[in-house]
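Just below is one structure, and these are the notes that go with it.
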Amino acid sequence: MNPPMTRFRIALPLVLLLLGASPASAQTVTGLSGWSVVLDPGHYQTANVGIYGYSEAHKNLRVGLALRQLLQQTTDIEAVYITRTDDVQEVSLGQRVDYANSTGADFFMSIHSNAAGPTANNVLTLWPQQRDYSEVSPLGGKPMAEAVVDRLVEGMRIPRYGAVGECTFYGVAECRGATTSGKGGSRNYVQSYTNMASELSEAGFHTNPTQNQRNMNADWKRLEAQSIYWAILQYHGLARPPVNIVTGIVTDLESGIPINGALVAAQGDTYVTDTWELLFNQFSSDPDLLHNGFYYLDGMDGGTVTVTASAEGFMPYEDTFQTADTTFTFHDIGLISMTPPTVVASMPSDGQDPFRVTDSIVIDFSRPMDPGSVEAALETDPAIQGSVSWVNGNRRLVLNPDELAERTTYTLRIVDTAYGAFLHPFDGDGDGFAGGDFEISFTTGFPDTQPAYITASFPRQSGRDVSLLPVLNLVYSEPLDSLSLDGRVRLLKGGSVDVDGTTGYFRIGEKSVLSFFPAAELDPATAYTLEIAPGIRDLFLNEEPNYKRLNFTTGSVIETTEPIDDFEGGAVGYWWQPQQSGSTTGILSTSTAMSPDTRIANGLFGGTQAMKVEFGWDTGASDWLIREYLGGGPAYGSVFDQGNALRVYVFGDGSGTRFRFTVDDRWPVTAGPNHEVSPWFTIDWIGWQPVTWVLYEGEVGTWIGDGVLDGNLHI
């Protein structure tokens, strides 16, 4: 759901919007002759671009036009009005309200889609609601919203969020009360000020990769319109006319990836799924990136139907089944590839030197394999004894050697008698044709006989002026046996007095971090020692025989802290997904998400979870930025001034990624020029560290503010 829009200018004369229509002559449904509706395709032009560049506004318009056509051509409806008819018009919220009210229509339906992280996808409808949670008059929004959410779940086959009253969804404080010019009951401007009953639909998330690719298809938008059309009939207690629509998704049976250019046929009608050449080139220069595999065969005769499907490089498909005459007949098709399976990756790689003698040998195949045939075709020289297992749907073979000799060259071979799960012969040499052996050679190294060692610490050895409430970190060269830490980590004051606290252990790739979290503030201007007793082991059971000590001295500054957000419980839910901010750019959306994390928590404040932001950068982009926006909750109410310092604890991964704070100044006045940022901080550390912006020093970064911190500040 996007924030309410402000008013914009309109580029074309308003007369273009006044497109009420008389019903067409080919009517099959009667019972709407005394009813009229205003359809409002949300936003305009290309607003709210989805994950792959297809905008919500573009989708909304075509759903609205298809719905208008259905109502006009198949019912006796009195009139269908629509607030915009093309991708050029700029229609403000006020103009939508004025137009809708001028029609005297009975109902207002707003068509949208939602936005969040790439994994989110569901159907939400909203209806105007009083602050006492009852329905706003004129009544009708709630039952229509309930009908629309049911039918969109049925048609689009995605989860249900529900039909929710606006005050329940946003909170009573966000809901407008009734005024002389509007019925209220909504945070959304149009629903608040239109005179008639209304509902708003969010049909899936345009930030979801699957949904955005399906939205690109013209007939997918007809499917959404058809679903809302049935909801309107349900709202009026009218039966659906015969449906006889066969639809579904054509995918590669093994990978689940939708297939471009698949030909689906039934009863003499044909449909070709979207291709890069005909559609997806508008949104990507990569011919292999986008797929939806969607087909839509309308006007089937009903009863028994035989569907065939074919695509280049796949085995032909045919199936016979009964169609439904009251809803969509969904028939998803999985095609079996004829491409011979081959090896796509191995660990070790060919020629690798050294290969650790304790590691497993892993072979990844392009397609599921027949395990027995592969194991029979597997040869090693010298012979390797061990166990074999299969994972990832029989696409990965894992050989766990009983023992590998040090500094020995091994050859591993899979001969071409192996075959895939569907009996396709093996392409061992990877030339694209069946036949040929797969072969790699590798040389083992020496066993790991050295214990893990400390590569970095926070604070540094003999550090001074350390915060009175620090996270103490020791970074180790390799993962540790976490059980060996018990009872071996102590913080000592003056070298002899134990300090209460808790120990944390975190693995980061091939390194690890041992952290100590003091239970209370340390004494100022005092010497401390973080002591690690002998006996800590790495995963190869190499044991450190000596004491390790980190000495430091605290500073004399006593800080007064006021927590803003501890990210505990549901607090993380008030922060947006990175994709929800229009400032976010240059990301790989499927690799980018914000979520709570209980595995890596800052124990300094007794915390049990943190906010995790994971991301992938698009190396083909020209700009890269993630804006992690706080959209509500208790932390949103925190106000402070430039006489303070702002601090956050960041668990670093040593990647060199940069981080900065953003605040609103002159709060509660909100405007772009009031967004001020800190300088960048480079995350070149591993483990928990505080990052502090000393506001009273006045140093700011460059973004869209004026470079000066003024008045009250707000996250």
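Note on Glu559 and Thr619: with the Förster distance fixed at 35 Å, the Cβ-Cβ geometry gives a FRET efficiency of about 0.30. Taking Cβ atoms as reference points and 12 Å as the exclusive limit, the residues near Ile333 contribute a net charge of -4, counting Lys and Arg as +1 and Asp and Glu as -1. A Cα-only calculation for segment 281-432 places Rg and Dmax at 22.0, 71 Å. Length gained on full extension, Thr682 to Tyr696, computed as 0.36 nm times the residue gap minus the Cα-Cα distance: 2.9 nm.
Counting only alpha carbon atoms, the long axis of helix 56-74 and the longest principal axis of the chain meet at about 30°. Pairing the Cα long axis of helix 141-156 with the longest principal axis of the chain, what angle in degrees results, from 0 to 90 and rounded to the nearest 10? In the chain, helix 141-156 runs at an angle near 70 degrees to the longest axis. Across all C-alpha atoms in segment 633-685, the radius of gyration and Dmax reach 13.5, 38 Å. Let me make sure I get this right: for segment 502-581, a, b and c are the square roots of the gyration tensor eigenvalues over alpha carbons, sorted descending. Under 1.5 in a/c it's rounded, otherwise prolate if a/b > b/c, else oblate. Which is it? Taking the square roots of the gyration eigenvalues as a ≥ b ≥ c, segment 502-581 is oblate. Sorting the segments 280-289, 35-44 by their residues' average number of neighbouring beta-carbon atoms within 10 angstrom, most packed first, yields 35-44, 280-289.
Just flag the chymotrypsin sites (Phe, Trp or Tyr not before Pro) in segment 410-486 sitting in loop per DSSP whose Cβ has no more than 12 other Cβ atoms within 10 Å. Each step should come with its number before you reach the end.
Values: sites: Tyr410, Tyr419, Phe422, Phe426, Phe433, Phe438, Phe442, Tyr453, Tyr476; in loops: Phe422, Phe426, Phe433, Tyr453.
Sparse-neighbourhood loop chymotrypsin sites (Phe, Trp or Tyr not before Pro): Phe433, Tyr453.
If you average the alpha carbon positions of segment 63-79 and of segment 279-297, how far apart do those two centres end up, in angstrom? Segment 63-79 and segment 279-297 have Cα centres separated by 29 Å.
Can you give me the accessible area per residue for the chain, using a 1.4 Å probe, in Å²?
Working: 31940 Å² over 715 residues.
With the other protein chains kept in place, the chain gives 45 Å² per residue.
For segment 492-572, chymotrypsin sites (Phe, Trp or Tyr not before Pro) meeting the loop criterion (DSSP other than H, G, I, E, B) and having at most 13 other Cβ atoms within 10 Å: Tyr547.
Highest-first packing order for the peptide set 385-393, 83-91 is 83-91, 385-393, based on the mean count of other beta carbon atoms within 10 Å. State the Cα centre-to-centre distance between segment 669-693 and segment 93-149 in whole Å. Spelled out, the Cα-based centre of one part sits 38 Å from the other. Electrostatic tally near Gly555: other residues with Cβ closer than 12 Å to its Cβ, Lys and Arg +1, Asp and Glu -1, net -3. The three principal axes of the C-alpha atoms in segment 442-492 carry coordinate ranges of 51, 23, 14 Å, sorted with the longest axis first. Here segment 634-711 exposes an accessible surface that is 52 percent carbon and sulfur, computed with a 1.4 Å probe and the other protein chains kept in place. Spatial offset of segment 607-629 relative to segment 494-535 amounts to 30 Å, using the alpha carbon center of each.
Compared with the dominant principal axis of the Cα atoms in the chain, helix 218-235 is inclined by about 60°. Leaving out ligands, DNA and RNA but keeping every protein chain, what accessible area does Ile384 have, in Å² rounded to the nearest 10, with a 1.4 Å probe? Roughly 20 Å² of Ile384 is accessible to a 1.4 Å probe. Taking amide H atoms as placed 1.01 Å from N in the peptide plane, the amide H of Gly501 lies under 5 Å from those of Ala519, each 5 or more residues away in sequence or on another chain.
Using 1/(1 + (r/R0)^6) with R0 = 60 angstrom and r between the beta carbons of Gln461 and Glu379, what's the FRET efficiency to the nearest 0.05?
Values: r = 53 Å, r/R0 = 0.88.
Once rounded, the FRET efficiency stands at 0.70.
With a cut-off of 15 Å between beta carbons, the residues surrounding Pro534 carry a summed charge of -1, where Lys and Arg count +1 and Asp and Glu -1. Taking label points 7 Å from Cα along the Cα-to-Cβ direction, Val344 and Thr590 give a separation of 1.1 nm. With coordinates expressed along the principal axes, the C-alpha atoms belonging to segment 655-707 extend over 38, 20, 17 Å, beginning with the largest. Under 5 Å between amide hydrogens, built in the peptide plane, is the criterion, and for Gly31 it picks out Asp76 among residues at least 5 positions away or on other chains. Full extension of the segment from Lys493 to Glu406, taken as 0.36 nm per residue of separation minus the current Cα-Cα distance, would add 26.7 nm.
For the chain, what is the Kirkwood hydrodynamic radius in Å, using each pair of distinct C-alpha atoms? Kirkwood hydrodynamic radius for the chain: 30.3 Å.
So if we plug the beta-carbon distance of Phe659 and Ala533 into 1/(1 + (r/R0)^6) with R0 = 51 Å, what FRET efficiency do we get, rounded to 0.05? Show your work: numbers first, answer last.
On the way: r = 35 Å, r/R0 = 0.69.
So the FRET efficiency works out to roughly 0.90.
Pairwise Cα distances in segment 590-675 exceed 16 Å for 69 percent of all pairs.
Using the Kirkwood formula on the Cα atoms of segment 266-336, what hydrodynamic radius do you get, in angstrom to one decimal? Kindly include the intermediate steps, with their values, before the conclusion.
On the way: mean 1/r = 0.0714 Å⁻¹.
Its Kirkwood hydrodynamic radius stands at 14.0 Å.
Under the rule a/c < 1.5 gives rounded, and otherwise a/b versus b/c splits prolate from oblate, where does segment 190-297 land using the Cα gyration tensor? Oblate, because a/c is 1.5 or more while a/b does not exceed b/c.
The values are calculated or read from the model by the stated rules, or taken from the named source; none is laboratory data. Just so it is clear, the model here is predicted, and its values are computed rather than measured. No Cβ is skipped: glycine too gets one built from the backbone with ideal geometry, and neighbour counts run over all protein chains shown. The accessibility values were calculated without ligands, DNA or RNA, using every heavy atom of the protein model including side chains. Shrake-Rupley method; radii C 1.70, N 1.55, O 1.52, S 1.80 Å.
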